[in-house]
Amino acid sequence: MSEYGKELQEKQKIKNWYNLSETQFGKYVKDTLKKRKTIDNPSEVLIQKMEKRLDNAIFRLGLAPSHPQARQMVSHKYFMVNGRVTNIPSYDLKKGDKISLHAGVEKRNIFKSIKAGAKKSAPPSWLKLDKDKVEAQVVGNPTLEEVAPPGEISAIFEFFSR
């Protein structure tokens with residue numbers, strides 16, 4: 001396989017792992033490439049941007065069984081961020097943000113699976129989950145070691161540098 005083919009394959013792995021469109025993923029990478037000279041570890045910055053999306057945080061908390069379902073739940077206004085209903089899956093979470101269930105969700109059948117998923121899950125260190133109330137708080141930043149993405153991130157930067 002050619003170098004281009006390997007880089008494309010790595011890009012596709014990460015893009016599909018986060019369930020992002022080509023445009024969304026490209027924006028994240030290009031923003032990171034622009035700041036490349038001012039940051040120490042561009043790979044970690046890229047992963048942090050994608051990990052701190054609201055739909056990804058919902059998936060990492062165990063409130064949804066997959067990235068696509070987490071995205072759909074956010075789009076259907078199941079969650080609030082800092083007390084405000086949010087239906088934007090790409091919402092960028094910041095340290096101190098609180099994620100909670102929207103009040104109307106308790107009446108729906110899916111609420112039972114959300115609560116069961118929350119009780120079974122072990123959230124990452126950058127998220128703190130109150131399993132009884134099904135509320136979470138962003139307490140830090142994700143690290144590259146903790147996330148362990150399926151592809152080689154440096155190959156992605158090479159792909160987009162062309």
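Brief remarks on what is shown
- Its Cα centre serving as origin, the range 48-162 has a Cβ charge dipole (Lys and Arg +1, Asp and Glu -1) of approximately 540 debye.
- Angle in degrees between helix 42-51 and the longest Cα principal axis of the chain, rounded to the nearest 10: 30 degrees
- Amide H contacts of V139 (H built 1.01 Å from N, under 5 Å, at least 5 apart or other chain): G96, L127, K128
- Candidates T32, V138, H76 compared by Cα position along the dipole of the chain: farthest toward the positive end lies H76, with charges placed on Cβ.
- Around R53: net Lys/Arg minus Asp/Glu count, Cβ-Cβ under 14 Å: +2
- Cross-link reach list, lysines versus K115, counting only Cα pairs under 20 Å and skipping chain neighbours closer than eight places: K77, K98, K107, K128, K131, K133
- Degrees, to the nearest 10: 110-120 long Cα axis against longest axis of the chain: 70 degrees
- Trypsin sites (Lys or Arg not before Pro) within the range 126-160: DSSP coil, no more than 16 neighbouring Cβ in 10 Å: K131, K133
- Formal net charge of residues neighbouring S161 (Cβ-Cβ distance under 15 Å; K, R +1; D, E -1): +2
- When the square roots of the Cα gyration tensor eigenvalues are ordered a ≥ b ≥ c, the ratio a/c for the range 53-138 is under 1.5, which makes its shape rounded.
- Cα-based helix-to-principal-axis angle, 22-34 vs the chain, degrees rounded to 10: 60 degrees
- Spin-label proximity, N16 to the range 41-58 - amide N less than 19 Å from point 7 Å beyond Cα toward beta carbon: none
- Using a cutoff of 8 angstrom between alpha carbon atoms and counting only pairs six or more residues apart, the relative contact order for the range 22-103 works out to 23 percent.
- Computing FRET efficiency as 1/(1 + (r/R0)^6) for E106 and D40, where r is the C-beta to C-beta distance and R0 is 35 Å, gives about 0.20.
- Using a cutoff of 8 angstrom between alpha carbon atoms and counting only pairs six or more residues apart, the relative contact order for the range 53-138 works out to 32 percent.
- The mean sequence distance of close C-alpha pairs (under 8 Å, at least 6 residues apart), as a share of the length of the chain, puts its relative contact order at 29 percent.
- In this structure the amide hydrogen of L101, modeled in the peptide plane, comes within under 5 Å of the amide hydrogens of M80, none closer than 5 places in sequence on its chain.
FYI, it's all coordinate maths here, none of it is from the lab. None of these values were measured; they are calculated from a predicted model. Virtual Cβ from ideal backbone geometry, glycine too; neighbours counted across all protein chains shown.
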